[in-house]
Amino acid sequence: MNGGNSCRNQSGDGICAGTEMFSNNDEAAINKKLPKELLLRIFSFLDVVTLCRCAQVSRAWNVLALDGSNWQRIDLFDFQRDIEGRVVENISKRCGGFLRKLSLRGCQGVGDNALRTFAQNCRNIEVLNLNGCTKISDTTCTSLSKFCSKLRHLDLASCTSITNQSLKALSEGCPLLEQLIISWCDQVTKDGIQALVRGCGGLRALSLKGCTQQITDDGLITICRGCHKLQSLCASGCSNITDAILNALGQNCPRLRILEVARCSQLTDVGFTTLARITDSTLIQLSIHCPRLQVLSLSHCELITDDGIRHLGNGACAHDRLEVIELDNCPLITDASLEHLKSCHSLERIELYDCQQITRAGIKRLRTHLPNIKVHAYFAPVTPPPSVGGSRQRFCRCCIIL
């Protein structure tokens, strides 16, 4: 049986809707021996195609397979050519409040009317993928705003009819929104971005890829200042943005993990230096707010000093939690930092490569307090003075004469 056809009834009106093929005597032994609750639990592990096939076995299985609790997560990408608006409407009526996640990626036959019915019926939806659904417009986002207040992830990539009105609607009705993808929605401008921030301050991921001309510094700076939980920002192809964006990210978005800015030709090295600026202030905040910190890598953080390490050594994590600290290539760190770390009784390893102000004596004093600590450091060998006669070639101590 073809996987796509098995998801449609004979009349083609929707997903798994037909029951007329069953006889009255279709009660198999398994249905009599296992309670309905257990069968329903088994069915909950099946994918869409398998559920549709099971729905065609018997009347009893049809009821079990089409129970709304089995349809909490649906991905119709494999059937995108067959999916039309009435199919989405049938799904929404059957699943109702059970549905949490729906992907209609690439389903170009689905439009605003179907998604309005969907929004009315599936008010607990949290993740919705409409990538490539080119028939939808601002009307869909208005429906989602009105009925789907629990929406957290929304993908509208390549929905080219989407405008600022959609972002305004989402801001008003979807306050829990955490991830929004509006790549290639080139009608969105800074006004839409600013409207979004007013109601969706918890945004964690935003993709604006391909919004080439309309997105400027003003819009993204608003995002940085209003969405302090932002972890991922994609602005690739937004050629109008400048180093001001990187400065705003560095000042306002401490949780940022992913930044995509390919083909943003106005960004410079100076801007990225600002973004990567980690100072003693950072360590002060860590010492106050991260009492369970176990591993801290500060490699190449060239602005931190002994004072920052002092605050860290006095913090809640230092005495019992901190196990690893990496300070390699931190040129301002001196032996004083090692003194501040003596109270870190759980410290197992410290990296000090290329910390040129650290001395052997400082490391020795640290070892007296933490005898089991592993210290990774490098001290350039001293080249011996030339011999009196000057006739024999001399080698530094790190060389081996074969």
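Just so it is clear, none of the values below were taken in a lab; they were calculated from the coordinates. None of the values given here were measured: they were computed from a predicted structure. FYI the Cβ positions are ideal-geometry reconstructions off the backbone, even for glycines, and counts take in every protein chain you see.
Across 161, 281, 171, mean-square fluctuation computed from a Gaussian network of the chain (C-alpha pairs under 10 Å connected) peaks at 281.
In percent, what relative contact order does the chain have, based on Cα pairs under 8 Å that are 6 or more apart in sequence? Provide the component values of the computation, followed by the final result.
On the way: 864 pairs, mean separation 26.2, N = 402.
Over the chain, the number comes to 7 percent.
Placing pseudo-labels 7 Å out from each Cα toward the beta carbon at residue 77 and residue 374 gives an inter-label distance of 4.1 nm. For the residues 224, 159, 317, a GNM of the chain with alpha-carbon springs under 10 Å puts the largest fluctuation on 317.
Summing -39500 (n - 2.57) over the DSSP H runs of n ≥ 4 in the chain and dividing by its residue number, what mean residue ellipticity at 222 nm do you reach, to the nearest 500 deg cm²/dmol? Result for the chain, helices only: -9500 deg cm²/dmol. Placing unit charges on each Cβ (+1 for Lys and Arg, -1 for Asp and Glu) gives the chain a dipole about its Cα centre, and among 318, 170, 372 the Cα reaching farthest toward its positive end belongs to 372. The stretch 145-175 and the stretch 52-116 have Cα centres spaced 21 Å apart. What you get for the stretch 31-70, charging only the Cβ of Lys and Arg (+1) and of Asp and Glu (-1), is a dipole of about 220 debye around the Cα centre.
Pairs to check: 101/190; 36/146; 36/93; 93/190. Give those whose C-alpha atoms are more than 32 Å from each other in this structure. Can you show the working numbers first?
Numbers: 101/190 29 Å; 36/146 36 Å; 36/93 22 Å; 93/190 37 Å.
In this structure, 36/146; 93/190 exceed 32 Å between Cα atoms.
Note on residue 256 and residue 42: their simple-model spin labels are 5.3 nm apart, each label 7 Å out from Cα toward Cβ. Between the residues 80, 160, 361, the greatest Cα displacement towards the positive end of the dipole of the chain, with unit charges on the Cβ of Lys, Arg, Asp and Glu, is found for 361.
Highest mobility in the GNM of the chain, judged by mean-square fluctuation with C-alpha springs under 10 Å and restricted to 89, 260, 302, is found for 302. Overall, the anisotropy analysis places the stretch 71-162 in the rounded class: the square-rooted eigenvalues a ≥ b ≥ c of its C-alpha gyration tensor yield a/c less than 1.5. Here's the list of lysines a cross-link from residue 374 could span, going by alpha-carbon distance under 18 Å and ignoring same-chain residues fewer than 8 apart: 342, 364.
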